[in-house]
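The next block holds one structure in the form of structure tokens; read it before the comments.
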Amino acid sequence: MNFLKLRYIGGSVTGKVSEASHVIGLDLSRTVKLLEAIALGKFVVSPVWVLHSYKQGHFLDAIDYFIKDHDNEQFFGYNVKLSVVKARQKRLFENMLFYLTPSVQPSKAVLHRLINAAGGKVLAEKPLCSKVADCIERDIPLAVIGCENDAHLCQSLVECGIPIFLVEFIMTGILRQEIDNLAYRLDAHKVNNAANSMPMVQPHAMIHPNMIR
């Protein structure tokens, strides 16, 4: 893409999605930048938008220049233009709280970035039952994002009635701009089985320093 054409009609280039008004790309491969762009309601356009705007001498309405990528949109079940329009009306995770278990992938840093972009807030520590009760009392949505490796860490939350979701709750949720409380759940039986299979440590057992990771 010719950045000179963009600058000629008064535009500038940034590497940060949060600072941009438009995100320009060739396809809709599910990258962190694409997810962040949709979450923030940025116009996700093709380079043709720059070329046509340059020919007209001013920026054209981006609505007709969204990237068209039938394969990716069909595979993930969304329409990028519709998702961006929804995000511009209301951020998907507005007023929601999240807790991320230690082993989630992609990294907690990436998920933190996406949740923030979509209007949510990430808790620094695992919520205690008192925090869960407070969220329920104040009608604040609380979502725990975990994985099978961390299932044993989630039993107390499951016992408090909090569902544990896989990361697709965030990733696919942002793409489709919808919160699906039924899909992408970590099976409660796996949580209970993982907790029950954890070895018991006697209260006064000696633990060698090399055993601590």
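The values are calculated or read from the model by the stated rules, or taken from the named source; none is laboratory data. Bear in mind that the values here come from a model prediction, so they are computed numbers and not experimental data. Neighbour counts run over all protein chains shown; Cβ positions are idealised from the backbone, glycine included. Please note that ligands, DNA and RNA were not included when accessible areas were found on the heavy atoms of the full protein model with its side chains. Shrake-Rupley method; radii C 1.70, N 1.55, O 1.52, S 1.80 Å.
Hey, among Phe93, Phe59, Phe66, Phe76, which residue is out of contact with any Ser or Thr (no Cβ under 9 Å at 6 or more places or on another chain) and of a type in the set (Phe, Trp, Tyr)?
Values: Phe59 fails: out of contact with any Ser or Thr (no Cβ under 9 Å at 6 or more places or on another chain); Phe66 fails: out of contact with any Ser or Thr (no Cβ under 9 Å at 6 or more places or on another chain); Phe76 fails: out of contact with any Ser or Thr (no Cβ under 9 Å at 6 or more places or on another chain).
Answer to the check: Phe93.
Mind listing whichever residues of segment 68-84 are without any contact (Cβ under 8 Å) to a residue 12 or more places away in the chain and either assigned to a helix (DSSP H, G or I) or among the aliphatic types (A, V, I, L, M) (or both)?
His70, Asp71, Gln74, Phe75
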Query raised in the report: Is it the case that some residue within segment 79-91 is open to solvent by 40 Å² or more (accessible area, probe 1.4 Å) and farther than 18 Å from Gly41 by Cα?
Result: no
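Do we have Asp69 as over 21 Å from Pro163 (Cβ atoms), of a type in the set (D, E, K, R) and buried (at least 17 other Cβ atoms within 10 Å of the Cβ) here?
On the way: over 21 Å from Pro163 (Cβ atoms): yes; of a type in the set (D, E, K, R): yes; buried (at least 17 other Cβ atoms within 10 Å of the Cβ): yes.
When the stated conditions are applied, Asp69 passes them.
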Report summary line: The correct count of residues that are part of a helix (DSSP H, G or I), more than 19 Å from Cys154 (Cα to Cα) and open to solvent by less than 50 Å² (accessible area, probe 1.4 Å) in segment 105-140 is 4
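Quick one: in segment 1-56, of everything that is within 21 Å of Leu82 (Cα to Cα), assigned to a loop (DSSP other than H, G, I, E, B) and among the basic types (Lys, Arg), which residue is least open to solvent (accessible area, probe 1.4 Å)?
Step one: filter segment 1-56 for residues within 21 Å of Leu82 (Cα to Cα), giving 17-18, 20-49.
Right, trim to assigned to a loop (DSSP other than H, G, I, E, B) and you get 20-21, 25-31, 41-42, 46-47.
Cutting the leftovers down to among the basic types (Lys, Arg) gives us 30, 42.
Working: Arg30: 72, Lys42: 32 Å².
Checked segment 1-56; the qualifying residue least open to solvent (accessible area, probe 1.4 Å) is Lys42.
Suppose the filter is surrounded by fewer than 18 Cβ atoms within 10 Å (Cβ to Cβ), part of a helix (DSSP H, G or I) and among the β-branched types (Val, Ile, Thr); does Ile63 pass it?
On the way: surrounded by fewer than 18 Cβ atoms within 10 Å (Cβ to Cβ): yes; part of a helix (DSSP H, G or I): yes; among the β-branched types (Val, Ile, Thr): yes.
Criteria met by Ile63.
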